[in-house]
């Protein structure tokens, strides 16, 4: 059975088309577009007009792909996360997308985001640890999740209001340290201490591509890639004093993520220090896979 989902995040918009089989699933389409929907969100509490336009453009392109597979817009599971939870003008985006393209956007809670991300990641996790720890750095939030890999039960999860785009905005305003300190003070992360994190989403998959010196991004090339805290710290140092243009020149693979890759990497480093994590493993699976494998969105997460 072929099913499709779209994840409207705070920095990117992702399309996933799967062929669901009894033994698992096969990826038919996997697309990503940078939209920066969460840009300046803490200042304006609203989506910028250009961010809305970029998101609509991405969804229009996805509609064409879905049409080629004869998948109706009304059958697509479309989720929105932290930026849409915060933005006062979310209804503008929702109505444009519904009226022009036929997609019905559903905002899911931080708890739901954690659940479906874990469901997606665990579906592709190799046999090993019974308890898996996941870090999902988005544009406006970061989820830490502990899940039983055998039963898929969420043991605990937390959604922190910090992500690659928010961090970039805070760095520009020299407010990162104060905001990060407050987040850590408000959230006890002691139960998330672990020596290894499975990392999903654009910041960490892009870092993996950078570390592997890839010329073009392919999910298969970074899936399962592992690196240590020392490597993360080293590349952060290399990015620290570079402009967006210089980052793009040094790492063309970053593409439109060049503006936020330093902020996202800083978030990864700071959180890993708090929870004493020394090892990172990349997964290209996540929320968009989890909602399909679960058969849709449970009402308790809306």
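Just so you know, all these numbers are worked out from the coordinates, no wet-lab data involved. Nothing here was measured: the structure is a model prediction, and the numbers come from that model. Every residue, glycine among them, receives a Cβ derived from its backbone with ideal geometry; neighbour counts consider all protein chains shown.
Points to keep in mind about this one:
- Beta bridge orientation in region 126-282: antiparallel %, DSSP, nearest 5: 70 percent
- Prolate/oblate/rounded label for region 46-201 (Cα gyration tensor, a/c 1.5): oblate
- For region 126-282, the Kirkwood hydrodynamic radius from C-alpha pairs, put into Stokes-Einstein at 25 °C and a viscosity of 0.890 mPa s, yields a diffusion coefficient of 154 µm² per second.
- Between 30, 133, 68, the Gaussian network model of the chain with springs among Cα atoms under 10 angstrom shows the greatest mean-square fluctuation at 68.
- Modelled FRET efficiency - R0 51 Å, residue 184 with residue 250, Cβ distances, 0.05 increments: 0.95
- For region 181-258, the relative contact order is 32 percent, taking Cα pairs closer than 8 Å that sit 6 or more residues apart in sequence and dividing their mean separation by the residue count.
- Debye-sum result for region 2-109 in log10 I(q)/I(0), which assumes one identical scatterer on each alpha carbon, at q = 0.15, 0.23 Å⁻¹: -0.59, -1.24
- By DSSP, the beta bridges lying fully in the chain are antiparallel in about 70 percent of cases.
- Cβ-Cβ FRET estimate between residue 70 and residue 219, R0 fixed at 25 Å, reported to 0.05: 0.55
- Gain on full stretching of the segment that runs from residue 274 to residue 233 - 0.36 nm per residue minus C-alpha separation: 13.3 nm
- For the pair region 92-144 / region 241-296, the C-alpha centres are spaced 15 Å from each other.
- Label-point separation in nm, residue 109 to residue 61, each point 7 Å along Cα→Cβ: 3.4 nm
- Cα gyration tensor shape of the chain, rounded if a/c is under 1.5, else prolate or oblate by comparing a/b with b/c: rounded
- Mean separation of Cα contacts under 8 Å, 6 or more apart, over the residue count of region 126-282: relative contact order %: 30 percent
- On the beta carbon distance between residue 173 and residue 22, with R0 = 51 Å, the FRET formula returns roughly 0.50.
- Proxy reagent accessibility, fewest Cβ within 10 Å first, across 205, 60: 60, 205
- Label-point gap, in nm, between residue 150 and residue 212 - each point 7 angstrom along Cα→Cβ: 3.1 nm
- Cα-based shape type of region 211-302, given that a ≥ b ≥ c are square roots of the gyration tensor eigenvalues and the cut on a/c is 1.5: prolate
- Based on Cα contacts under 8 Å between residues 6+ apart, the chain shows a relative contact order of 21 percent.
- Among 236, 37, sorting on how many other beta-carbon atoms sit within 10 Å of each Cβ, with the fewest leading, yields 236, 37.
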